[in-house]
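Shown below is the structure under consideration.
The values are calculated or read from the model by the stated rules, or taken from the named source; none is laboratory data. The shown structure was predicted, so the numbers you read here are calculated from the model rather than taken from an experiment. As a convention, Cβ positions derive from the backbone with ideal geometry for all residues, glycine included, and neighbour counts pool all protein chains shown. Protein only, heavy atoms only, side chains kept; ligands, DNA and RNA dropped before computing areas. Shrake-Rupley method; radii C 1.70, N 1.55, O 1.52, S 1.80 Å.
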Amino acid sequence: MRITILTGAGISAESGLATFRASDGLWENHRIMDVATPEGFAKDPALVHEFYNMRRKAASVAQPNAAHLALLRLATHHDLTLVTQNVDDLHERAGSTDVIHMHGALNRATCAECGHGWPAPMVMTPEDPCPACGKPATRPDIVWFGEMPQHMERIWQALEASDLFVAIGTFGNVYPAAGFAQHAGRNGATCLELNLDTSMNAADFDDQILGPASRTVPAWVDDICRR
Ligand code: APR
């Protein structure tokens, strides 16, 4: 079966990484607009680097949980495209390969001047020179609000070719990812949601399994690998 999976912050919650909109648009005590927009970065690059340095450190000590591990097993039984909105590397550390990071990755850096990309050091500062052009224009390779998500052509194609689309641990209010179920459904896929609470776009799914990802994902994978 051809399956496309979209994961969100909820799959990493039980690994100890905070989800985004816990309360009132605050994200670990910062306003999202201050730390996750190009405007916020232009205004205070030191604050934004510091914020992502903290997140990079937290992600580096977090461990993949049973949900990340179950998706590795799924890939051995089905033709899987794994898309994540997460910027942590817990899917990779669980053993998954070819993970599509549509919102970028904490462990990558990029140059705002020349577009060069390289592995991010654990701590980045606004003064760091780009290794290619030398300009102090380095930034985390993160897709901020108002920017274009990455690898979209490949993702739309996978959705169109899928028999099954599964969203795991995502609130369903950030586009284009929030439109994936509708797109896959229109192209013939069955759509399933695995989430802790009902998402914003629950109506776009044929079925829903509620509960913590570390429990629901392995159980669902066991089931679909038996078929
Ligand atoms: N198991 C399963 N789902 C969970 C768990 C859990 N243990 N804990 C939380 N969730 C669910 C919540 O119910 C919610 O629906 O995960 C979702 C988390 O929602 P958000 O914090 O909004 O995360 P996400 O949907 O991934 O955010 C999308 O928004 O801020 C931007 O670019 C950022 O990639 C991010 C995007």
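If you put +1 on each Lys and Arg Cβ and -1 on each Asp and Glu Cβ, how big is the dipole of the chain around its Cα centre, in Debye rounded to 20?
300
Now a separate question. What does the accessible area of residue 2 come to, in Å² to the nearest 10, when a probe of 1.4 Å is used?
Roll a 1.4 Å probe over it and residue 2 shows about 110 Å².
Would you mind getting the Kirkwood hydrodynamic radius of the chain from its Cα pairs, rounded to one decimal in Å?
That comes to 18.1 Å for the chain.
So what's the back-of-envelope 222 nm ellipticity for the chain, counting only DSSP H runs of four-plus at -39500 (n - 2.57) apiece and dividing by all residues, rounded to 500?
Computed mean residue ellipticity for the chain: -9500 deg cm²/dmol.
Under a Cβ-Cβ limit of 4.7 Å, which cysteines in the chain have nobody to pair with?
191, 225 - these cysteines have no disulfide-compatible partner (Cβ-Cβ under 4.7 Å) in the chain.
Taking H as built 1.01 Å from N, whose amide H comes closer than 5 Å to the amide H of residue 208, not counting residues under 5 places away?
It is 193, by chain and number.
Right, something else. Using a 1.4 Å probe on the protein heavy atoms only, what accessible surface does residue 89 show? Give it in Å² to the nearest 10.
About 40 Å², ignoring ligands and nucleic acids.
Can you list, bin by bin at 10 Å, the percent of alpha carbon pairs in the stretch 95-227, starting at 0?
The calculated distribution, bin by bin, is 11, 31, 30, 18, 9, 0.
Another question, then. Restricting to Cα pairs below 8 Å that are 6+ residues apart, what does the relative contact order work out to for the stretch 1-137? Please round to a whole percent. All intermediate terms of the calculation are to be shown ahead of the outcome.
Details: 185 pairs, mean separation 34.1, N = 137.
After rounding, I find 25 percent.
Give the ranking of 106, 47 by solvent-accessible surface, highest area first, calculated with a 1.4 Å probe.
Order by accessible area, largest first: 47, 106.
Out of all DSSP beta bridges with both ends in the stretch 1-106, state the antiparallel percent to the nearest 5.
Antiparallel: roughly 25 percent of the beta bridges in the stretch 1-106.
Another one. Need the C-alpha centroid separation for the stretch 173-227 versus the stretch 74-112, integer Å.
Here the two parts' Cα centres lie 18 Å apart.
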